[in-house]
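The values are calculated or read from the model by the stated rules, or taken from the named source; none is laboratory data. This one's a predicted model, so the numbers in the text were calculated from it and none came from an experiment. For neighbour counting, all protein chains shown are included, and Cβ atoms are generated from backbone atoms with ideal geometry for every residue, glycine included. Note: areas computed on protein heavy atoms with side chains; ligands, DNA, RNA excluded. Shrake-Rupley method; radii C 1.70, N 1.55, O 1.52, S 1.80 Å.
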Amino acid sequence: MDLRRLKTIFIFVLVAINIMFFALINNALNYEKEERRTMTESLTALLAKNMVYLPQKLELPDSPEISGFYIEKMFGSNEELVSRFLGRSYEETEQYVYTASAGTLYIEGDEFRFHNANPQTPVSDFSEENIQKVCHSEMKRLGIPDAPYIFGGVNFVDEGIRAIFTMQHRDDVFFDAYVSFDISEKGVTAVSGRNLVSELTETNSNEKFYSIISVLPDLVRNDRLEKNVAHTVVSIKSGYYIGSTAESYRNILAIPVWQIATDSGHILYYDARNGQFIDE
């Protein structure tokens, strides 16, 4: 057998092997796609029997990779938070309501709202670019780092606008960490926030996200959803959750979660490591 003919046969064998290989991959992908479709149909039917509905246009997301995020909160106690906004001289007029010449601070769990009695710098330019500059200046004054916070836009409020900054690392969103600023012509009139973070450290993780198809059946027995009332799931997102029950304020490991929102206004969080509902 001459060398040219042997070479031709070898090439045909390689082509045949590649065709078989790609056929196997394609069959596996088709099988996986069909299996997911069947599971989604069964899940949709189960939820519908219990008056929880998945719209056909709502695509169930795939499970992303989990990153490990250690965070450090800015304030280890309410006293530290109060001192930052009101100084050392203040009065607790009601439980978790603090007043001073600087203004009034309300604290509820891991959330706060500060009403500024003395806005320092008037604002005349309400372009998004300038609003961000005003907010970053206020963040610097309060010692809030810029890095993890992303400008999320503005909403109109009674006396002006509210600029919102959410916490994000690349594509990873932290659902319960934000800071917002109410701004009028007088200046920054109020500051609100939740779980203010001073440092964020990413680490590798070998854990996998729990499939959303495995999580959604829990909506049937979740007590947050009123029974015998229709609920439609309007969004499903993956991200991270800090929570308000962490015992230590330093080196908290953020929880990877599925966020499920319904048309009735409920926002539910499920631990993506084990599928358990986070009841806070």
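Among residues of segment 23-68 being farther than 22 Å from Arg224 by Cβ, basic (Lys, Arg) and loosely packed, with under 14 Cβ neighbours inside 10 Å, the one that is modelled with the highest pLDDT is Lys57. Checked against (1) open to solvent by 40 Å² or more (accessible area, probe 1.4 Å); (2) part of a helix (DSSP H, G or I); (3) of a type in the set (A, V, I, L, M, F, W, C), Ala147 passes all but condition (2). Among the residues of segment 171-187, those that are of a type in the set (Asp, Glu) and crowded, with 21+ Cβ neighbours inside 10 Å comprise Asp176, Asp182. How many of the residues in segment 117-145 are more than 24 Å from the chain's Cα centre (by Cα) and touching a residue at least 60 places away in the same chain (Cβ under 8 Å)? Adding up the residues that qualify gives 6. With respect to the conditions (1) open to solvent by less than 50 Å² (accessible area, probe 1.4 Å); (2) not in a loop (DSSP other than H, G, I, E, B), Ser214 lacks only one, and its number is (1).
Residues in segment 84-115 that are open to solvent by 50 Å² or more (accessible area, probe 1.4 Å), hydroxyl-bearing (Ser, Thr, Tyr) and either in contact with a helix residue (DSSP H, G or I) (Cβ under 9 Å, 6 or more places away or on another chain) or modelled with pLDDT under 95 (or both): 5 in all. Is it true that Ala190 is within 25 Å of Ile252 (Cα to Cα), open to solvent by less than 10 Å² (accessible area, probe 1.4 Å) and either touching a helix residue (DSSP H, G or I) at 6+ places or on another chain (Cβ under 6 Å) or not in a loop (DSSP other than H, G, I, E, B) (or both)? No, not satisfied. Scoring Val229 on the criteria (1) assigned to a strand (DSSP E or B); (2) loosely packed, with under 14 Cβ neighbours inside 10 Å; (3) hydrophobic (A, V, I, L, M, F, W, C) leaves a single failure, condition (1). Only one of the numbered conditions (1) open to solvent by less than 40 Å² (accessible area, probe 1.4 Å); (2) more than 20 Å from Asp110 (Cβ to Cβ); (3) not in a loop (DSSP other than H, G, I, E, B) is violated by Tyr240, and that is (2).
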